[in-house]
1. Go through (1) assigned to a loop (DSSP other than H, G, I, E, B); (2) more than 24 Å from Glu108 (Cα to Cα); (3) not small (Gly, Ala, Ser) and name the single condition Asp63 misses.
2. Give all pairs with beta carbons closer than 8 Å in which a residue from region 1-19 that is among the polar types (S, T, N, Q) meets a residue that is surrounded by 10 or more Cβ atoms within 10 Å (Cβ to Cβ) and at pLDDT 85 or above; count only pairs at least 6 apart in sequence or on separate chains.
3. Restricting attention to region 1-23, and to residues there that are open to solvent by less than 100 Å² (accessible area, probe 1.4 Å) and assigned to a loop (DSSP other than H, G, I, E, B), which single residue is modelled with the highest pLDDT?
4. Which is modelled with pLDDT under 95, over 17 Å from Cys103 (Cβ atoms) and more than 25 Å from the chain's Cα centre (by Cα), of Pro38, Pro34?
5. Would you point out which residue out of Phe121, Phe97 is in contact (Cβ under 8 Å) with a residue 60 or more places away in the chain and either under 18 Å from Val145 (Cα atoms) or within 21 Å of the chain's Cα centre (by Cα) (or both)?
6. Look through region 27-57, keep the residues that are open to solvent by 100 Å² or more (accessible area, probe 1.4 Å), in a loop (DSSP other than H, G, I, E, B) and out of contact with any Phe, Trp or Tyr (no Cβ under 9 Å at 6 or more places or on another chain), and return whichever of them is farthest from Ser86 (Cα to Cα).
7. For the subset of region 114-153 comprising residues that are among the polar types (S, T, N, Q) and part of a loop (DSSP other than H, G, I, E, B), which member is surrounded by the most Cβ atoms within 10 Å (Cβ to Cβ)?
Amino acid sequence: MMPIPGSGLAKGLAVTLRTMTKRSHTAQYPDVQPELPPRTRGVIALFEENCTVCMLCARECPDWCIYIDSHKETVPAAAPGGRERSRNVLDRFAIDFSLCMYCGICIEVCPFDALFWSPEFEYAETDILELTHERDKLRQWMWTVPAPPALDPAAEEPKELAAARKAAEKAEAAAAAAAAAEAAGPAAPSGPAAPETGAPTPGEADA
């Protein structure tokens, strides 16, 4: 069915007429902060305690705007006779937000939950060189990250929680069985059955 000529123009004019009769709602920013959606992509925050310097975020970044420096330290053996281990220690973690396109790939590929989206958006600078923020600033933005949304009560239980719950139930069942066995006490020793009352003994039967 062919559309009626001019129907699109009529719909657009109808929307214009409806909005002309309504009052405008102006947000008095910066006196009144805007109500941002919970999944707003403002800046990227760093929780450096979780960072293992795996470099995965820097390698996957399509803009190459993440700069990471680190060094290795030797960790002594945990037990006598054990082997020493080496670990990476983070020296620098910086993001150049003049290059960042806010794709979120670095947050998605981080296997240790060290990067998060923060709704913070007030970080404009007069010099483009100052848009490269170091880990201290990224750490400050970490405290503006909103809490994760509650799980859907009808959703399937995560595999990790299900495995932990089954292991806890199994341990509780084993402890209950051990407690019941201990409460029952040692079993009576088994021996020859005593003769029934009134039944003749072998000697009496011969007599």
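The values are calculated or read from the model by the stated rules, or taken from the named source; none is laboratory data. Quantities reported herein were computed from a predicted structural model and do not represent experimental measurements. Cβ placement follows ideal geometry from the backbone for every residue including glycine, while neighbour counts extend to all protein chains displayed. These area figures cover heavy atoms from the full protein model, side chains too; ligands, DNA and RNA do not enter into them. Shrake-Rupley method; radii C 1.70, N 1.55, O 1.52, S 1.80 Å.
1. Here Asp63 clears every test but (2).
2. Once the first residue is among the polar types (S, T, N, Q) and sits in region 1-19, no partner that is surrounded by 10 or more Cβ atoms within 10 Å (Cβ to Cβ) and at pLDDT 85 or above comes close enough.
3. Taking region 1-23 and keeping what is open to solvent by less than 100 Å² (accessible area, probe 1.4 Å), we get 3, 6-8, 10, 12-16, 19.
Keeping just the survivors that are assigned to a loop (DSSP other than H, G, I, E, B) gives 3, 6.
On the way: Pro3: 71, Gly6: 78.
So the residue we want is Gly6.
4. Details: Pro38 fails: more than 25 Å from the chain's Cα centre (by Cα).
Of Pro38, Pro34, the one residue that is modelled with pLDDT under 95, over 17 Å from Cys103 (Cβ atoms) and more than 25 Å from the chain's Cα centre (by Cα) is Pro34.
5. Details: Phe97 fails: in contact (Cβ under 8 Å) with a residue 60 or more places away in the chain.
On inspection, the qualifying residue turns out to be Phe121.
6. We begin by selecting, within region 27-57, every residue open to solvent by 100 Å² or more (accessible area, probe 1.4 Å); these are 28-29, 31, 35, 38-39, 41, 49.
Right, trim to in a loop (DSSP other than H, G, I, E, B) and you get 28-29, 31, 35, 38-39, 41.
When the remaining residues are screened for being out of contact with any Phe, Trp or Tyr (no Cβ under 9 Å at 6 or more places or on another chain), the result is 28-29, 31, 35, 38.
Numbers: Gln28: 54, Tyr29: 50, Asp31: 51, Glu35: 46, Pro38: 40 Å.
Across region 27-57, the extreme among qualifying residues is Gln28.
7. From region 114-153, those among the polar types (S, T, N, Q) are 118, 126, 132, 140, 144; that's our starting set.
When the remaining residues are screened for being part of a loop (DSSP other than H, G, I, E, B), the result is 126, 144.
On the way: Thr126: 5, Thr144: 13.
Ranking the qualifying residues of region 114-153, first place goes to Thr144.
Conditions tested, residue by residue: (1) over 26 Å from the mean Cα position of the chain (by Cα); (2) at pLDDT 95 or above; (3) of a type outside the set (Ser, Thr, Tyr).
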| site | (1), (2), (3) |
| --- | --- |
| His71 | yes, no, yes |
| Pro76 | yes, no, yes |
| Ala79 | yes, no, yes |
| Ser86 | yes, no, no |
| Asp113 | no, no, yes |
| Trp143 | no, no, yes |
| Pro148 | no, no, yes |
| Leu151 | no, no, yes |
